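Here is the structure we will look at.
The values are calculated or read from the model by the stated rules, or taken from the named source; none is laboratory data. In this text the structure is predicted, and so the values were computed from the model without any measurement. Quick reminder, even Gly has a Cβ in these numbers, built from the backbone with ideal geometry, and neighbours come from all protein chains shown.
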Amino acid sequence: MVLPPSELNRVKMLAAEYTRSGFFPMGNDHELLVRVASADPTALSPVISVLVRLYNNGNLISGYEKSVIIWLNDFARISEQLRSDIEATISKDVLDFHGSDYAEPSLKEAVRKFSETLKVKRPKHYFDLCRKILTSNGSILIIGAGFSYDSYAPLLREMEGIACSSLYDLGVRNPRDLYRTEERQVWEHISSGWQIFQNHMSFILLPKEPCEQHLILAELFHAGYITHIVSFNWDDLVEKAYRKLYNEDIPKIIKEDIESEHALWKLHGDIENSDERWVLPFEEGRVFQALQRIIIRTTVPAISIGYREQEKVVREKLLNVLENRGGVTRIRTDLSDNPPETFSDNALMAMKKIKLGIEAAKNSTYPA
């Protein structure tokens with residue numbers, strides 16, 4: 001990044017001020033700030049990138065969000081180039097979250113000033129989604145592996161060790177060679193000895209603890225804002241979160257021929273029922289007929305968080321039906337915000353925004 005000498009000098013002075021005051025959010029990258037203060041222009045872009053990434057990902061220690069916003073705002077006011085670079089990379093949804101009426105007042109004010117500097121309007125996506133939840137008297141939440149990512153429940157790409165251990169126990173020689181060349185064949189082989197795999201996976205999943213998104217989900221389900229949770233995860237993190245908050249078991253359906261108007265549906269298997277065969281990777285999926293009967297008459301919106309929609313049966317019998325009823329909003333880190341029914345976000349930030357959005361929509365307090 002090349003700035004005119006006058007702007008670079010102002011950047012240097014500001015960085016020196018923050019260095020002296022002990023600007024801790026940078027963590028191990030604090031040296032970059034020192035280099036900027038020493039008039040090293042090559043460190044400026046990395047400093048901006050580090051802070052924007054920490055802010056966007058929600059990885060800042062609580063209380064530092066305001067400091068980062070003020071810091072970025074000060075730099076954006078120095079240079080149009082800096083303003084443009086920051087505006088292009090900062091998450092507008094995170095600004096929306098921190099600028100809501102339910103944010104801490106000084107944080108909200110810092111966001112207002114920062115938004116004015118960047119010349120951006122905060123998006124209404126989450127607010128509009130939450131109004132739809134309220135006007136429809138509830139919603140259906142669909143969760144996939146990405147929802148449990150922060151609890152260290154393994155994603156498919158992280159299951160090599162578990163899969164190879166299962167193959168070895170099934171008598172396969174050189175299981176890693178097979179896994180790295182014929183992944184689909186691996187899971188077909190594991191399906192013949194599914195009890196072994198499920199025992200390995202249960203050993204991995206049982207110690208896992210729920211994260212904040214699971215607790216928020218349990219809270220919104222208990223309050224009735226989410227009428228059904230449709231889970232494609234084997235873990236019991238939602239169940240643990242609900243038990244932790246309310247000291248009782250969440251209403252749960254794990255097999256066919258059971259109906260409920262308010263339940264957690266475990267369609268692909270359940271760690272608390274590991275003696276029954278789960279749906280394994282690359283299989284077509286499963287949707288209980290009782291759930292199909294419910295969704296065919298629903299009018300509430302559906303939200304899908306962290307689910308990649310790879311199973312044909314699920315797409316045909318669940319998602320396509322919901323698309324034509326109350327609609328489906330998809331939230332994953334690999335999506336864009338275009339079209340508006342898809343959000344690029346992680347599960348934690350999405351659940352925080354939905355919770356705040358519902359409170360804001362209840363009072364019609366979305367700020368212009």
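What residue, among those in the stretch 180-229 that are among the small types (G, A, S) and within 27 Å of the chain's Cα centre (by Cα), is farthest from E359 (Cα to Cα)?
Applying the first criterion (among the small types (G, A, S)) to the stretch 180-229 yields 191-193, 202, 218, 223-224.
Imposing the further condition that a residue be within 27 Å of the chain's Cα centre (by Cα) reduces the set to 202, 218, 223-224.
Values: S202: 37, A218: 16, A223: 12, G224: 13 Å.
Looking at the filtered set, the residue picked out is S202.
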Check: Looking at the stretch 344-364, which of its residues are in contact with a strand residue (DSSP E or B) (Cβ under 8 Å, 6 or more places away or on another chain) and modelled with pLDDT under 85?
Finding: S344
Next item on the list: Looking at (1) of a type outside the set (D, E, K, R); (2) in contact with a Ser or Thr (Cβ under 7 Å, 6 or more places away or on another chain); (3) at pLDDT below 90, find the lone condition where P210 falls short.
Entry: (3)
Margin query: I'd like to know if the stretch 286-300 contains one or more residues that are closer than 23 Å to G327 by Cβ, of a type outside the set (D, E, K, R) and under 22 Å from the mean Cα position of the chain (by Cα).
Written below: yes
Notebook entry, point to check: Which one of these is farther than 18 Å from E239 by Cβ and in the same structural domain as M349 (by TED's automatic domain parsing): S192, S139, S165?
Noted result: S139
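Answer with yes or no whether E272 is assigned to a helix (DSSP H, G or I) and modelled with pLDDT under 95. Steps first, answer last, please.
Details: assigned to a helix (DSSP H, G or I): yes; modelled with pLDDT under 95: yes.
Yes; evaluated as a whole, the condition is true for this residue.
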Checklist line | Residue match in the stretch 124-141 (condition: out of contact with any helix residue (DSSP H, G or I) (no Cβ under 7 Å at 6 or more places or on another chain), more than 28 Å from R297 (Cβ to Cβ) and in contact (Cβ under 8 Å) with a residue 12 or more places away in the chain) | finding: yes
Check: For the stretch 131-245, which helices (runs of 4 or more DSSP H) that fit wholly inside it have 2 or more residues that are out of contact with any Asp or Glu (no Cβ under 7 Å at 6 or more places or on another chain), over 15 Å from G269 (Cβ atoms) and among the hydrophobic types (A, V, I, L, M, F, W, C)?
Finding: 160-169, 212-223
Next item on the list: Give me the pairs, please: first residue somewhere in the stretch 75-87 and buried (at least 19 other Cβ atoms within 10 Å of the Cβ), second residue anywhere and assigned to a helix (DSSP H, G or I) and among the hydroxyl-bearing types (S, T, Y), beta-carbon distance under 7 Å, and either six or more positions apart or on two chains.
Entry: A76/T117
Note to self: Suppose we filter the stretch 100-120 for residues that are modelled with pLDDT under 75 and buried (at least 16 other Cβ atoms within 10 Å of the Cβ); how many remain?
What the structure shows: 2
Notebook entry, point to check: Does any residue in the stretch 345-363 that is under 19 Å from S151 (Cα atoms) come within less than 9 Å, Cβ to Cβ, of a residue that is at pLDDT below 90 and of a type in the set (G, A, S) six or more places away or on a different chain, and which pairs are these?
Noted result: D345/S91; N346/G58; L348/G58; M349/G58; M349/S91; K352/G58
Notebook entry, point to check: Among the numbered criteria (1) touching a residue at least 40 places away in the same chain (Cβ under 8 Å); (2) outside the structural domain of V314 (by TED's automatic domain parsing); (3) not hydrophobic (A, V, I, L, M, F, W, C); (4) not in a helix (DSSP H, G or I), which single criterion is violated by D96?
Noted result: (4)
Notebook entry, point to check: If you go through the stretch 48-74 one residue at a time, how many are within 18 Å of the chain's Cα centre (by Cα), surrounded by 15 or more Cβ atoms within 10 Å (Cβ to Cβ) and modelled with pLDDT under 80?
Noted result: 3
Item checked: Tally of residues being crowded, with 20+ Cβ neighbours inside 10 Å, of a type outside the set (G, A, S) and more than 19 Å from E188 (Cα to Cα) across the stretch 263-314 -> 16
